[in-house]
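Colleague: Dropping the structure in here first, questions after.
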Amino acid sequence: MTRMLIIGPPGSGKGTQAARITDSLGIVAISTGDIFRFNVKEGTPLGVEAKKYIDAGDFVPDSVTNSMVADRLAQDDVADGFLLDGYPRTRGQVDALDAMLEKLGTKLDIVLQLTADNEELVKRLLGRAEQEGRADDTAEVIEHRLALYAKETKPLVDVYRDRGLLVQVDGLGEISEVTARILAALREHGA
Ligand code: ADP
């Protein structure tokens, strides 16, 4: 059983790889971006609140995001392992997650960092904008999301490196090639 995070910049392929990893390991995928988008689509109060931040490429406030994740982690299906995708993104979220896991009597096994350079990320995100028309995939908002990642989220990698949990994998290349690379690295670390 594995409890893990996947951390990477917007466009690094986190969501795609998260689905493949969780299939392979038989664990639950929890994507905060997907949960937010679902709530936006359904027009729930959470979705209405989150939409203004998401469309601007800003983070949804920690208080909102943390309680959403706490609710999700309290559900039964995570008992056999999980992969958090897109959370934590701030130092406050790291601390909140630590508290949630402690309360559940569990802890993280692995933090997977997916790397890719900025030029490739912008290219991928603009390509996705044409195909899927996500409101937050415009050139301006993409720049903002990448900058926010660099400032707020990338430093979290050091926190998890210090805890001895970090596994880094290069996210460039064919999707299935990257998956193979990830699964090999995870196996090496006991997943
Ligand atoms: P990407 O990794 O491409 O930015 P996501 O689907 O992970 O895409 O997230 C989309 C948006 O959802 C983010 O830009 C942000 O507004 C919101 N979001 C997702 N996860 C979080 C989080 N942990 N904290 C705050 N906001 C979040």
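Colleague: Accessible surface of Lys123 in the full protein assembly, 1.4 angstrom probe, to the nearest 10 Å²?
Modeller: My reading of the accessible area for Lys123 is about 140 Å².
Colleague: Let me check something: with ligands and nucleic acids excluded, how do Leu73, Leu183 order by accessible area (1.4 Å probe), largest to smallest?
Modeller: Details: Leu73 5, Leu183 30 Å².
My answer, sorted largest first, is Leu183, Leu73.
Colleague: Taking the Cα centre of the chain as the origin, how large is its charge dipole in debye, to the nearest 20, when only Lys and Arg (+1) and Asp and Glu (-1) carry charge on their Cβ atoms?
Modeller: Details: 23 positive and 32 negative charges, 34 e Å.
So the dipole magnitude of the chain works out to roughly 160 debye.
Colleague: Pick out, from Val111, Thr44, Ala147, the residue whose Cα sits farthest towards the positive end of the charge dipole of the chain, with +1 on the Cβ of Lys and Arg and -1 on the Cβ of Asp and Glu.
Modeller: With unit charges placed on the Cβ atoms, the residue in question is Val111.
Colleague: Still on this structure, please answer the following. What value does the stretch 99-191 have for Rg/Rh, both radii from Cα atoms and Rh as Kirkwood defines it?
Modeller: Values: Rg = 16.0 Å, Rh = 15.4 Å.
So for the stretch 99-191, dividing Rg by the Kirkwood Rh gives 1.04.
Colleague: Could you grab the relative contact order for the chain? Cα pairs under 8 Å, six or more apart, rounded to a whole percent.
Modeller: The normalised contact order for the chain reaches 33 percent.
Colleague: Per the 1.4 Å probe, what fraction of the accessible area of the stretch 65-113, in percent, lies on carbon and sulfur atoms?
Modeller: Carbon with sulfur: 48 percent of the solvent-accessible area.
Colleague: While we're looking at this one, here's another question. Any chance you could tell me what percent of the C-alpha pair distances in the chain go past 24 Å?
Modeller: Numbers: 6606 of 18145 pairs.
In whole percent, the share of Cα-Cα pairs in the chain beyond 24 Å is 36.
Colleague: May I pose another question? How do Arg3, Arg187 rank by accessible surface area computed with a 1.4 Å probe, from largest to smallest?
Modeller: Working: Arg3 50, Arg187 155 Å².
Sorted descending by solvent-accessible area, the residues read Arg187, Arg3.
Colleague: Tell me which lysines have Cα within less than 23 Å of Lys123's Cα, excluding those fewer than 8 residues away on the same chain?
Modeller: Counting by Cα, and skipping residues close in sequence, Lys123 has these lysines nearby: Lys14, Lys151, Lys154.
Colleague: Using only the Cα atoms of the stretch 19-112, what are the Rg and Dmax in Å?
Modeller: 13.4, 36
Colleague: Using the heavy atoms of the protein chains alone and a 1.4 angstrom probe, what is the accessible area of the chain per residue in square angstrom?
Modeller: Values: 9650 Å² over 191 residues.
I get 50 Å² per residue for this part.
The values are calculated or read from the model by the stated rules, or taken from the named source; none is laboratory data. No experiment lies behind these values; they were computed from the predicted model shown. So basically every Cβ, Gly included, is an ideal-geometry build from the backbone, and we count neighbours across all protein chains shown. All accessible areas refer to the heavy atoms of the entire protein, side chains included, with ligands and DNA or RNA removed. Shrake-Rupley method; radii C 1.70, N 1.55, O 1.52, S 1.80 Å.
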